[in-house]
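What follows is one structure encoded as structure tokens, with my remarks underneath.
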Amino acid sequence: MAPSKKGETKVFTIDCTRPATDEIFDVAHFIEFLKERIKVDGKTGNLGTTIDVSPSATDVAKVIVTSHGPFSKRYLKYLTKKYLKKKQIRDWLHVISNGPASYELKYFQLDAEEEPEEDDAE
């Protein structure tokens with residue numbers, strides 16, 4: 001008989017080190033955002049004992065989401081992108097998967113060799 005998914009514990013990590021060191025990303029506010037927005041049984045703010053959102057013990061710029069039931073990694077990416085859009089920093093940061101249970105916030109790679117546009121005045 002296959003093991004049930006109800007007893008399954010999943011641990012997800014979101015690494016916010018780069019934007020947090022540049023002080024454009026508030027990790028504590030992001031944790032509160034996740035606690036308010038994660039839906040459990042179709043209701044927001046209903047985390048209970050099923051899901052735990054906390055900063056990492058070793059690195060304050062990392063967020064640990066522990067689920068004691070079914071939970072999707074893709075849902076975390078969706079909520080992270082929603083937070084970036086709310087804070088209007090979605091134009092500079094994107095969410096990249098760097099493992100089977102972790103995401104990382106990275107800056108978009110901008111071309112430093114862009115030529116300045118010139119006016120064609122005649």
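Just so you know, all these numbers are worked out from the coordinates, no wet-lab data involved. Remember, predicted model here, so these are calculated numbers, not experimental data. Quick reminder, even Gly has a Cβ in these numbers, built from the backbone with ideal geometry, and neighbours come from all protein chains shown.
Structure above, values below:
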item	result
Residue-by-residue Karplus 3J(HN,Hα) for segment 35-42, coefficients 6.51, -1.76, 1.60, Hz, glycine and proline x	5, 6, 9, 5, 9, 10, 6, x
Residues Lys87 and Thr49, FRET efficiency given R0 of 25 Å [Cβ-Cβ distance, rounded to 0.05]	0.30
Entries of Lys10/Lys86; Lys73/Lys106; Lys10/Lys87; Lys35/Lys77; Lys39/Lys106 with Cα pairs more than 23 Å apart	Lys10/Lys86; Lys10/Lys87; Lys39/Lys106
Estimated FRET transfer efficiency when R0 is 35 angstrom, pair Thr9-Tyr107 (beta carbons, to 0.05)	0.60
Within-13-Å neighbourhood charge of Ile96 [Cβ basis; K, R +1; D, E -1]	+3
